[in-house]
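Down below is the structure, laid out as structure tokens.
Quick note: the coordinates plus some simple rules give every number you see, no bench work behind them. Model, not experiment: these values are computed from the prediction. All Cβ positions, glycine included, derive from the backbone under ideal geometry; neighbour counts span all protein chains shown.
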Amino acid sequence: MGDEKAPFLEVENIKKVFGHVQALRGVSMNAYEGEVLAIVGDNGAGKSTLIKILSGVVHPDSGSIRISGKEYRDLTPKKAIEAGVSTVYQDLALGNTMDTASNLFLGTELTKGGFLKKKQMQEEARRLIDSLDIQIPDVTVPAGDLSGGQRQGIAVARLVHNGGRLLIFDEPTAAMGLNESNAVLKLIKKLSGQGYAVIIISHNLPHVFLISDRICVMRQGQVIQELKTQETNMDEIVSMITGAVTADITGD
């Protein structure tokens, strides 16, 4: 899929050391618009460090990051968001007492004469929620009263509203029931279908195989292999994660 067009995100030979721990050992990978890339690996594989670097939270020691063809050597959270890279963390960072519209417009509220344009914000929130097929019947209900899947939907809609083009999900279905998980997976697949680039970090391999287009396997700070999902299987991926089989390592 991604081989036919330029990547939205290009990561080349990223390295990061924390004290005596070499968290990333020359990681290279690409992400494309219109696809879901799953990054999998055991605890300590380097997944979280990589995502923090892509989000601008952590600075790499060396290597390069290109977003839409532009290279970033001093990426910050603000620059990442401006470049279209947004991350949905497990805690979602929502205001539980705030409704859907207030969460979507947090920091970008619409005002006139010093007063909030609540009706307009609610109407725009409704249109965005509907366009993403997120099942929230009433956008005036506090986020804290919604299900986990609905809350995940608000977090995603906020990133889209803020101009996100690459959406990164950190364990998007963790601690969710079957129905909620299915709703979130459906949303992620819809996002890629609408042309967004999507990266998911997940330990749930059945979910990974259900929605991903490519799988990037990490182990001990390195990318072990990148595979098209349809050209591999769960046993092969598990073997790579655990080191039961060897593969050509990307990077150094």
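A few comments on the model shown:
- Binning all Cα-Cα separations of the range 133-210 at 5 Å, short to long from zero, yields these whole-percent fractions: 3, 14, 28, 27, 18, 8, 2, 0.
- Per-peptide average of other Cβ atoms within 10 Å, ordering 119-127, 222-230 highest first: 222-230, 119-127
- Each 10 Å bin, from zero up to the one with the longest distance, holds this percent of the alpha carbon pairs of the chain: 7, 31, 34, 20, 7, 1, 0.
- Tail weight of P(r) past 19 Å, computed on alpha-carbon pairs of the range 27-176, percent: 58 percent
- Under 5 Å, built H, 5+ apart or other chain: amide partners of residue 58: 53
- Beta bridges by DSSP in the chain, antiparallel share as percent, to the nearest 5: 60 percent
- MRE, 222 nm, helices only [DSSP H, n ≥ 4, -39500 (n - 2.57), over the chain, to nearest 500]: -9000 deg cm²/dmol
- Per-selection Rg to Rh, the range 96-163 - Cα, Kirkwood hydrodynamic radius: 0.94
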